[in-house]
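What follows is a set of notes on a single structure, which appears directly below.
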Amino acid sequence: MGNRVRIVHIINSFEFGGAEAMLCNLLLRTDFDRFDPSVVALIDDMTVAGPIKNAGIPIVTMGMKPGLPDPRCLVRLGLYLRRIRPAVVQTWMDHSNLMGGLAARLATRARVVWGIHHSNHLPGLTKRSTLMTVGACARLSHRVPSRIVYCSEHASKLYTQRGFDADRLTVIPNGFDTRAFRPDPAARADLRRELGQGADALLIGLVARFDPFKDHGTFLKAAAIVKEKFPAARFVLCGGKVDQTNAALTAQIESLGLQGNCHLLGPRKDVARIHAALDVCVSSSVSEAFPLVVGEAMSSGVPCAVTDVGDSALIVGPTGRVVPPSDPAALATATAELIAMGPEARSQLGREARRRVCDLFDLGAVTRRYEALYTQLASDQREPVSAGHSVTNMERGVVPLS
């Protein structure tokens, strides 16, 4: 146990999201005989961190506020890493890449791995602070990380075009827990009872937080078109801010005449149960890198209708339907085609979808790829960190970890 590779994972926070879920899944499957992991969250949001805590994996927070990176957080983080002395620092997402990468290079001799879990930064939707952070990372990508791990081929192309170092590029797709996300007839029956629907009710789902990138508007417009052809269809929406308190969402539902057909479930901890209960899963996003919800639904035996963003088309392959983003008519047609197939044909397509996930995106195989990368980097020889003295000079203003 004394020769374990010490790894510190740094992430923005543990709110609901794909990168957060992937980190949790990776940590819970870590080979603890070979690796000694711990986690740093820059922001004190621990919403989905419960499983990590229950597994006994250490977590500390840096007390940073959402928005622009805080130099004081950089100092605290540097001092923490200097005390822990990891062999590898893995960062997740843009802000963590900047803050964690700089802190690790200033304070340690650790190999730094950046994680990219986004792709398109669309004008008008992406925060200016994020664009500034990505720009800074592009310039630093040639010096700070030893490797840049992208969760999708699409993301690797877009970030390389933004100036990220192509020579440090590695693509490791997100993985899916095919044991947790699986076909479950009992879940189908349970959710229909919860919603007050009959055992054969047709459920079309969108599992996504309320966010411009997820484009709930296109989903709802498509749902209104689908309803004209299939009046009995019910549309199940769950995720952060997807509930009756969201005035903008409920107003659009009412304007489209969908109030009798929509179920707003808010954030749920039983997402695997929700997926397994659906007849069709829809992703209406205008930007994705490697959407977890699509693979989770497929692993649950549910065919998907998705927009052609990120690696969505690669994940779905021939087991679903792919349409352009921001096109309600096309999304409605794709969804209606899956409905019109009937239960038996949909079940067969769902079995093919699950088989595709098991063959290409199994979480165990993805975890082994990360572990192989960490092992390789930890065995490499490090040159002395010339900037190490900078942290000492910064120590005077440090606020201790809480």
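The values are calculated or read from the model by the stated rules, or taken from the named source; none is laboratory data. All values reported here derive from a predicted model rather than from experimental measurement. Using ideal geometry, Cβ is built from the backbone for each residue, glycine included, and neighbour counts are taken over all protein chains shown.
Every condition in (1) at pLDDT 95 or above; (2) surrounded by 16 or more Cβ atoms within 10 Å (Cβ to Cβ) holds for Val385 except the one numbered (1).
Scanning segment 307-322 for residues that are crowded, with 23+ Cβ neighbours inside 10 Å and touching a Leu at 6+ places or on another chain (Cβ under 9 Å) returns Thr307, Ile315, Gly320. The residue that is farthest from the chain's Cα centre (by Cα), counting only those in segment 168-188 that are surrounded by fewer than 18 Cβ atoms within 10 Å (Cβ to Cβ) and in contact (Cβ under 8 Å) with a residue 24 or more places away in the chain, is Asp184. Selection of first residues in segment 343-365 that are within 15 Å of Asn25 (Cβ to Cβ) and of second residues that are among the charged types (D, E, K, R) and exposed (fewer than 14 other Cβ atoms within 10 Å of the Cβ), restricted to Cβ pairs under 9 Å at least 6 apart or on distinct chains, gives the following pairs, ordered by first then second residue: Leu363/Arg179.
May I ask you to list the residues in segment 31-52 that are over 24 Å from Met99 (Cα atoms) and at pLDDT 95 or above? Once the filter is applied, which keeps residues that are over 24 Å from Met99 (Cα atoms) and at pLDDT 95 or above, segment 31-52 yields Asp31, Phe32, Asp33, Arg34. Taken together, the residues in segment 271-283 that are of a type in the set (D, E, K, R) and either at pLDDT below 95 or within 22 Å of Thr307 (Cβ to Cβ) (or both) amount to 1.
Taken over segment 218-250, the criterion of being in contact (Cβ under 8 Å) with a residue 40 or more places away in the chain and not hydrophobic (A, V, I, L, M, F, W, C) is satisfied by Thr218, Lys221, Lys229, Gly239, Gly240. For segment 338-363, the candidate set comprises residues that are more than 28 Å from the chain's Cα centre (by Cα) and at negative phi; within that set, the residue that is surrounded by the fewest Cβ atoms within 10 Å (Cβ to Cβ) is Glu344. Among residues of segment 9-28 that are more than 18 Å from Ala55 (Cβ to Cβ), those with a beta-carbon under 8 Å from a residue that is of a type in the set (D, E, K, R) and in a helix (DSSP H, G or I) at least six positions away or on a different chain give the pairs Ser13/Glu20.
The numbered conditions (1) more than 28 Å from Arg6 (Cβ to Cβ); (2) over 18 Å from the mean Cα position of the chain (by Cα); (3) assigned to a loop (DSSP other than H, G, I, E, B) are all true for Thr126 except (2). Comparison of Val282, Val286, Val294 shows that the only residue that is under 20 Å from Asp327 (Cα atoms) and touching an Asp or Glu at 6+ places or on another chain (Cβ under 6 Å) is Val286.
Residue check: Arg83 meets all listed conditions (1) of a type outside the set (A, V, I, L, M, F, W, C); (2) over 29 Å from Ser156 (Cβ atoms); (3) within 16 Å of the chain's Cα centre (by Cα) but one, namely (3).
Those helices (runs of 4 or more DSSP H) of segment 326-385 in which at least 1 residues are basic (Lys, Arg) and closer than 21 Å to Cys304 by Cβ, considering only elements entirely within it, cover 343-360. Of all positions in segment 221-242, none carries a residue that is assigned to a loop (DSSP other than H, G, I, E, B) and among the acidic types (Asp, Glu).
For every residue, the table says whether it meets (1) in contact with a Ser or Thr (Cβ under 9 Å, 6 or more places away or on another chain); (2) of a type in the set (Asp, Glu); (3) not assigned by TED's automatic domain parsing to the domain that holds Asp311.
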{"site": "Asp94", "(1), (2), (3)": "yes, yes, yes"}
{"site": "Met99", "(1), (2), (3)": "yes, no, yes"}
{"site": "Ala104", "(1), (2), (3)": "yes, no, yes"}
{"site": "Ser119", "(1), (2), (3)": "yes, no, yes"}
{"site": "Met132", "(1), (2), (3)": "no, no, yes"}
{"site": "Leu140", "(1), (2), (3)": "no, no, yes"}
{"site": "Leu158", "(1), (2), (3)": "yes, no, yes"}
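Filtered by the rule that a residue be of a type in the set (S, T, N, Q) and surrounded by 21 or more Cβ atoms within 10 Å (Cβ to Cβ), segment 210-252 gives a lone residue, Thr218.
Screening Gly56 with (1) in contact with a strand residue (DSSP E or B) (Cβ under 9 Å, 6 or more places away or on another chain); (2) surrounded by fewer than 16 Cβ atoms within 10 Å (Cβ to Cβ); (3) modelled with pLDDT of 95 or more; (4) not charged (D, E, K, R) gives one miss only, at (1).
The set of residues in segment 216-275 being farther than 14 Å from Gly205 by Cβ and among the aromatic types (Phe, Trp, Tyr) consists of Phe230 alone.
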